[in-house]
Structure formats: structure tokens, C-alpha cells
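The values are calculated or read from the model by the stated rules, or taken from the named source; none is laboratory data. All values derive from a computational prediction rather than experimental measurement. Neighbour counts are summed over all protein chains in view; Cβ atoms, including those assigned to glycine, are modelled from backbone coordinates with ideal geometry. These accessible areas exclude ligands, DNA and RNA; they are computed on the full protein's heavy atoms, side chains included. Shrake-Rupley method; radii C 1.70, N 1.55, O 1.52, S 1.80 Å.
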There are 2 protein chains.
Amino acid sequence: MESNLAVGRLSALAQPNRLAVFRLLVRAGNEGMSAGEIARSLNVAANTLSSQLNILSHAGLVTSTRDGRSIIYRAAFNAMADLMVYLVEDCCQGHAEICAPISEITDRIACCG
Amino acid sequence: MESNLAVGRLSALAQPNRLAVFRLLVRAGNEGMSAGEIARSLNVAANTLSSQLNILSHAGLVTSTRDGRSIIYRAAFNAMADLMVYLVEDCCQGHAEICAPISEITDRIACCG
DNA sequence: TCCATATTTCAACGATAATGGAAATGAAGG
DNA sequence: CCTTCATTTCCATTATCGTTGAAATATGGA
């Protein structure tokens with residue numbers, strides 16, 4: 001992964017509304033949510049949300065598909081995984097005990113135990 | 001973990017120099033690096049780096065200890081792990097196959113396999 | 001004490017980002 | 001075709017961020 005791409009993804013997540021949108025979509029899983037559902041759920045103006053979804057989309061963190069009048073957004077788990085790996089890859093030069101907190105993260109995520 | 005704290009950490013990482021600093025410290029592991037070493041390594045002005053280290057430090061992503069005239073910075077692996085968990089916790093509502101990319105991240109990090 | 005090194009603080013400038021009102025686009029139904 | 005609903009685009013305003021030069025603080029050694 002390239003540095004610019006990672007910065008783009010981190011910037012996209014580094015804003016309260018967008019972070020909330022992404023986490024909402026993470027929980028929604030495969031079903032995803034329409035822009036309107038997200039807006040109502042988070043109490044954000046439709047146009048504001050639209051530009052924020054656009055930023056998340058350009059960063060590759062969400063995908064969208066049209067369904068009738070609505071547009072369904074979904075979290076991009078593979079893009080997120082790439083980012084997480086990039087942040088801590090090559091950690092601690094082989095001394096696994098130093099980055100033990102990192103090696104334990106999957107134990108702390110609900111569905112990945 | 002609280003939303004504001006996560007946004008603070010993401011914002012701290014969402015900048016090319018700071019992301020490079022953090023990843024450099026991740027690789028440096030327990031030894032850490034002095035501010036001067038980091039500045040030379042990344043070719044950043046000392047005062048610019050200082051404010052960026054301050055931001056990373058306030059976000060809890062790095063720690064610092066004085067050693068003679070130098071100040072040694074180290075990556076805070078536990079803070080990073082907390083952030084990573086926060087980003088994807090409660091994912092996919094029990095359908096593990098959906099977030100398989102997430103469950104595989106530790107296999108992709110050098111020292112955590 | 002005086003000097004050199006290491007790092008931080010201060011002040012200011014230019015650039016970038018977040019928000020919301022208003023208008024525009026796209027899709028479904030009568 | 002017209003209306004309604006869903007979402008996006010445009011535009012202007014305000015606020016925040018990154019960088020730099022200059023000065024200040026802190027440490028160690030002659």
C-alpha cells in the first residue's frame with residue numbers, strides 16, 4: 001500500500017461524522033444502508049452526508065450500488081484491512097512481545113475470534 | 001474507546017509526515033528514536049517535527065522519555081491496537097465470512113504470525 | 001560561566017476542510 | 001408530462017491545519 005493512499009483513508013476516517021458513518025456500515029455488514037437511512041440514523045443533513053460519503057468512497061472505504069431511488073453504501077472490509085496492516089507492518093523487528101497488543105486485536109473483535 | 005479519542009488518533013495519523021514518523025517508530029520498536037534522528041531520517045525541519053510529535057503524543061500514539069540532551073520517542077502499540085479494534089468492532093453481525101479480510105490481518109503482520 | 005547541541009515555543013501566513021442554503025439531477029408512479 | 005422522493009452539486013462562509021523564521025528553554029561539557 002502506498003503512503004498517499006493510507007493518508008487518504010486516514011483523513012477520510014478522521015472526522016466525527018465520517019467515522020460514525022463508517023462504523024455504522026461496519027455493523028450493517030453485507031446489507032449496507034441507504035444514504036437516507038444513514039442521514040436519519042446519524043442526524044446529519046443530506047447534502048453534508050453526501051459529500052462525506054463521497055470522501056469515504058474516493059478513499060475506497062465504502063462502496064455504493066443503486067437500488068431503485070436509493071443508493072446503498074457498504075463498508076469495504078478489504079480496504080480497511082489493508083490500512084490496518086500498513087499501519088503496523090514490520091513492527092518491532094522480530095521481538096513479538098513488544099507488539100503483543102497488536103497480535104491480540106483479532107481476539108478483541110467480535111466475529112473474528 | 002470514545003469517538004473523540006479515535007478521531008484524535010486518526011487525525012494525528014492523517015498527515016504524510018506524521019504517518020511516516022509513526023511507522024518509523026513502529027519499526028524502531030522498543031529502542032525508539034530521538035527527535036533529531038527522526039528529523040534527519042525524514043528530512044523534516046526540527047520545529048516542524050516538534051509540533052508533529054506533539055500532536056502524535058497528545059493523541060497517545062507515541063511516548064517520550066528524556067535521555068541526556070535527546071528525547072526518545074516510541075510508538076504506543078497498545079493505543080494503536082485500541083484504535084484498530086474500535087474501527088471494526090461488532091463487524092458483520094456474526095457473519096464471519098463477510099469480514100474475513102479483518103480476521104486475517106495478524107497473519108499479514110510480520111512478527112505476529 | 002560560556003558555548004554548543006537538542007528540542008520546543010511563538011507568531012504569522014497560505015492552504016485546506018466542514019457546513020448549510022439553494023438549485024439540480026435521477027428515478028418511480030399516476 | 002408532472003409530481004414526489006432520494007441524492008448530489010454548487011457556492012460562500014468560517015474554522016482549522018501545516019509550515020517556517022526567529023527566539024526561547026534545557027542539557028552537557030570545556
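Listed values, structure above:
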{"quantity": "Lone unmet requirement of (1) open to solvent by 30 Å² or more (accessible area, probe 1.4 Å); (2) more than 10 Å from chain A (Cβ to nearest Cβ); (3) free of Cβ contacts under 8 Å to residues at least 12 places away in the same chain for B:Pro16", "calculated": "(2)"}
{"quantity": "Residue list for region B:1-13, filter: facing chain A (nearest Cβ under 7 Å) and in contact with a helix residue (DSSP H, G or I) (Cβ under 6 Å, 6 or more places away or on another chain)", "calculated": "B:Ala6, B:Val7, B:Leu10, B:Leu13"}
{"quantity": "Of the criteria (1) free of Cβ contacts under 8 Å to residues at least 12 places away in the same chain; (2) surrounded by fewer than 15 Cβ atoms within 10 Å (Cβ to Cβ); (3) not in a helix (DSSP H, G or I), which one A:Ser64 fails", "calculated": "(2)"}
{"quantity": "Residue check for A:Leu56: facing another protein chain (nearest Cβ under 7 Å), closer than 22 Å to B:Arg18 by Cβ and assigned to a helix (DSSP H, G or I)", "calculated": "no"}
{"quantity": "Condition check for A:Ser103: within 16 Å of DNA strand D (Cβ to nearest atom), open to solvent by less than 60 Å² (accessible area, probe 1.4 Å) and among the small types (Gly, Ala, Ser)", "calculated": "no"}
{"quantity": "Within region A:37-48, considering residues that are out of contact with any Gly (no Cβ under 9 Å at 6 or more places or on another chain) and within 11 Å of DNA strand C (Cβ to nearest atom), the one most open to solvent (accessible area, probe 1.4 Å)", "calculated": "A:Asn43"}
{"quantity": "From B:Phe22, B:Phe77, residue being surrounded by 19 or more Cβ atoms within 10 Å (Cβ to Cβ) and within 22 Å of A:Pro16 (Cβ to Cβ)", "calculated": "B:Phe22"}
{"quantity": "Every residue from region B:82-100 that is more than 7 Å from chain A (Cβ to nearest Cβ) and open to solvent by 50 Å² or more (accessible area, probe 1.4 Å)", "calculated": "B:Asp82, B:Glu97"}
{"quantity": "Among the candidates A:Ile102, A:Ile98, residue that is assigned to a loop (DSSP other than H, G, I, E, B), over 16 Å from A:Gly8 (Cα atoms), more than 16 Å from DNA strand C (Cβ to nearest atom) and of a type in the set (A, V, I, L, M, F, W, C)", "calculated": "A:Ile98"}
